[in-house]
Every structure is written in structure tokens, then in C-alpha cells.
Amino acid sequence: MAQFNDPAAYERYMGGWSRAAGEQFLDWLGQPHGLRWLDNGCGNGIFSELLWQQAQPARLDGIDISPELLAHARQRLPQRITLHHGDANALPFAAGSFDAAAMELVIVFLADALQAVREMQRVVRSGGMVATYIWDLPHGFPYADAFAALSADM
């Protein structure tokens, strides 16, 4: 999996764009309030910050593989947001722990994207929401088969 470990560089080159894309993603999701959320691949905390401000979650956990980005996120985010160091493909949460899980701009960097989505599906309660987004890609969506397989399981 590709890692992004320089918070300052990420903020400089991607921060504004990530924030704008995250705002549109939350608008599209409808920003349901009072849910237990997981931000899978939370990085430097941009999307977690947006979730906290706009969706007013009852609980918000973020997880990322980069200790450097997590350290930056801890400085940016309220202490009520719980951040974990870990792997998107092996989430350290019990089944049904969350009402919603989101993965923003991360899935294209995972060696096993299907496993990451299965993990999000596992930790979200039945009837909950699992959502992800990526950049527009000029040659189609490379994870269409994974999406179709998961849809068939639902």
C-alpha cells in the first residue's frame, strides 16, 4: 500500500482539494447526524474534521497506517475523536460497532481493496452505511468487480 507520511506536504498539495471533495461527499451522503462513524484511512484528519463539524456524530473513530499523519490529525482534531494506528484491511473493531464507515481517496492505494471494503462492511451494523470515493479515472473504475461482488452479498 502506498503511504503518505509527510503531513505538511499533504496539506500543501492536497489539503484544499481533499477538503472540497470531502464537503461534496458529505453533502451527497446527506450528513445524517448522531451516528457512530468510522473514518477508514483518516490520514491527517481533514475528512474527520468535516464529519465532526457537519455530521455531528455521536462517536467518531479514525484509523490510519501512517503514524506521522495520525500525529498531525491529533493536533488538528478535538480530543473526543478517537484515532487508531492500524490497517484498513484488518480493522480492530467488533462487528457492528459503527452506523457508518467512510473511506476517502484511499481505496486506490490498497493492495486488497475488496478486503478493506469487507472490513468496513463487517464493522458497520446491519442496515448501516459504507461509502467511499476516489478521483475520476480516465479509463474507468478499476474496482467495479469488487463493488459488484459486494453488492451481490448484500
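Points worth noting:
- Qualifying residue in segment 42-53 (condition: over 18 Å from VAL106 (Cβ atoms), crowded, with 20+ Cβ neighbours inside 10 Å and in contact with a Gly (Cβ under 9 Å, 6 or more places away or on another chain)): no
- Only one of the numbered conditions (1) assigned to a loop (DSSP other than H, G, I, E, B); (2) free of Cβ contacts under 8 Å to residues at least 12 places away in the same chain is not met by ALA90, and that is (2).
- Members of segment 1-11 that are outside any loop (DSSP other than H, G, I, E, B) and aliphatic (A, V, I, L, M): ALA8, ALA9
- Of all residues making up segment 12-58, the number that are of a type in the set (Asp, Glu), in a helix (DSSP H, G or I) and under 15 Å from LEU77 (Cα atoms): 1
- Members of segment 95-113 that are touching a residue at least 40 places away in the same chain (Cβ under 8 Å), part of a loop (DSSP other than H, G, I, E, B) and under 13 Å from TRP37 (Cα atoms): SER97
- Looking across ASP27, ASP6, ASP61, ASP39, one residue alone is in contact with a His (Cβ under 9 Å, 6 or more places away or on another chain) and among the acidic types (Asp, Glu). It is ASP61.
- Only a single criterion out of (1) closer than 17 Å to SER18 by Cα; (2) in contact with a Lys or Arg (Cβ under 6 Å, 6 or more places away or on another chain); (3) not small (Gly, Ala, Ser) is not satisfied by ARG59, namely (1).
- Members of segment 53-72 that are within 19 Å of TYR133 (Cβ to Cβ) and over 13 Å from the mean Cα position of the chain (by Cα): GLN53, GLN54, ALA55, PRO57, LEU69
- Selection from segment 62-93 of residues that are touching a Gly at 6+ places or on another chain (Cβ under 6 Å) and over 22 Å from ALA21 (Cα atoms): PRO92
- Residue satisfying all of: in segment 97-115; crowded, with 21+ Cβ neighbours inside 10 Å and of a type in the set (Gly, Ala, Ser); farthest from VAL130 (Cα to Cα) among these: ALA113
- Flag if ASP39 is modelled with pLDDT of 85 or more, in contact with a Phe, Trp or Tyr (Cβ under 6 Å, 6 or more places away or on another chain), among the acidic types (Asp, Glu) and within 17 Å of VAL124 (Cα to Cα): yes
- Qualifying positions in segment 81-99 - within 13 Å of the chain's Cα centre (by Cα) and under 14 Å from CYS42 (Cβ atoms): LEU83, HIS84, GLY86, ASP87, ALA88, LEU91, PHE98
The values are calculated or read from the model by the stated rules, or taken from the named source; none is laboratory data. Predicted model, so just to flag it, every value in this text is computed and none were measured. Glycine gets a Cβ as well: all are built from the backbone with ideal geometry, and neighbour counts include every protein chain shown.
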